[in-house]
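First up is the structure itself, then whatever we jot down about it.
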């Protein structure tokens, strides 16, 4: 489990380097409102609980889900990780 968390944190650090312009992205990941909603619903969590787990305001999550704003930076990387492996990522976030 700690290896997974270390890999997740390395990924977040790499994403931070990309957003700061320190290195180019290896690929572009676009996430739209339907994907945010789908990712959250796949976890079975309410908006309030999901927002709490990923440490954002519920209003922010609603804005993402309704297409008024798009997640950026670490939030985008975290959503991608949850989409790809929700069980392990949510377990890591719960600690």
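The values are calculated or read from the model by the stated rules, or taken from the named source; none is laboratory data. In this text the structure is predicted, and so the values were computed from the model without any measurement. Here Cβ is always computed from backbone atoms with ideal geometry, including for glycine, and neighbour counts include all displayed protein chains.
Just checking, how many residues over the stretch 46-84 are touching a residue at least 12 places away in the same chain (Cβ under 8 Å), surrounded by 13 or more Cβ atoms within 10 Å (Cβ to Cβ) and assigned to a loop (DSSP other than H, G, I, E, B)? Residues that pass the stated criteria total 3. Every condition in (1) at pLDDT below 95; (2) more than 20 Å from residue 18 (Cβ to Cβ) holds for residue 83 except the one numbered (2).
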